[in-house]
Amino acid sequence: MKTTRFLLPITTILITVLIASNFVGAGKVCEIAGVPFDAGLFFFPISYLLGDVMTEVYGYSQSRRVIWMAFGSLFLMTAMTALVLALPPHPEWPHREAYQAVFSVSPRIALGSLLGFWFGEFTNSFVMSKMKILTQGRHLWARMIGSTLVGEFFDSAIFYPIAFLGVWNTELLVKVAVSNYALKVAWEVIATPLTYAIIGWLKRAEAMDAFDQDVNYNPFANLFPRMKS
C-alpha cells in the first residue's frame, strides 16, 4: 500500500464535520427567504465533497475505510452523549435543563443520522468510482454532481422519515427534506471549482490517481488490511 501524506488530515476533517453537523445543526430548523432547512446544511455537504476527493484520488477501498471510521466515530459520540445525559446531575447545578435541551438527541435522530450517513456516503463513493471507470477519468464535474445527487438522495430519504416522521407535521418534514436535498446538491455545484482545485493539487502532491478496475465494492470487505511493519 502506497504511503499517503494527506489522507489522515482529510479523514480528521471529515469526521469533525460529520459530528459537528449532526450534533450542532441537525436539530435546528432555520429559514432564509422563506426556505426552511436544518442548520447542519452549512457543514454536512463538506463530508460529501471530501468523500468525492477521497474516492477520486485514493480510490474506493481507502474511501470505504474512512467511511467506516467516520461511522464508528459518530456511533461512539452518540453513545457517549447518551451516557453523559443519563448520569444524575447534582441537585444544585443550575444548568440541568439547558444542558439537557442542547445536547439531548433522540434515539430516532441518532439512528437516522447513522443510517443516512452510511447509505449516503457508500452510495456516493460507489457512483463516483463507477462513473470514473465509465468515463475513463473524464468529466470530473459530472461524476461529482452525479454521485452527490444519488448519495444525498439516499441520505435525505432515510434520515428525515426515521428522525422526524410523526414528530414534525408531514408538510414540514417534506418541505425541509426536499429543500435540504436541493440546497445540498446546489452546494456541491457551487463548490465544484474548489473541489477541482483540491483534487488536482492532491493528485500532484500524492502522485496518485486511483482507478478502481478490480476493486471489491462490498462495504464490508477488507476493512482491516495487513500493514507492513
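Listed values, structure above:
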| item | result |
| --- | --- |
| Neighbour count of at most 12 Cβ within 10 Å plus DSSP loop: longest trypsin sites (Lys or Arg not before Pro)-free window in the chain | 29-137 |
| Share of alpha-carbon pairs per 10 Å distance bin for segment 131-180, given as whole % | 24, 36, 20, 16, 4 |
| Volume of the Cα convex hull of segment 1-118, divided per residue and given in Å³ | 134 Å³ |
| Environment charge of GLU188, counting only residues whose C-beta is closer than 13 Å and scoring Lys/Arg +1, Asp/Glu -1 | -1 |
| Two-decimal Rg/Rh across the chain, once Rg and the Kirkwood Rh are taken from alpha-carbon atoms | 1.01 |
| Inverse of mean 1/r across different Cα pairs in segment 65-176, Kirkwood, Å | 16.4 Å |
| Degrees separating the helix 192-206 axis from the principal Cα axis of the chain, which is the longest one | 60 degrees |
| Expected 222 nm ellipticity per residue - DSSP helices of 4 or more, -39500 (n - 2.57), all of the chain, to 500 | -22500 deg cm²/dmol |
| Cubic angstrom per residue, convex hull over Cα atoms of segment 98-146 | 81 Å³ |
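Since every read-out is calculated from the coordinates, none of them should be taken as a lab result. This structure is a prediction, so every number in the text was calculated from the model and none was measured. Cβ coordinates were reconstructed from backbone atoms using ideal geometry, including for glycine residues, and neighbour counts include every protein chain displayed.
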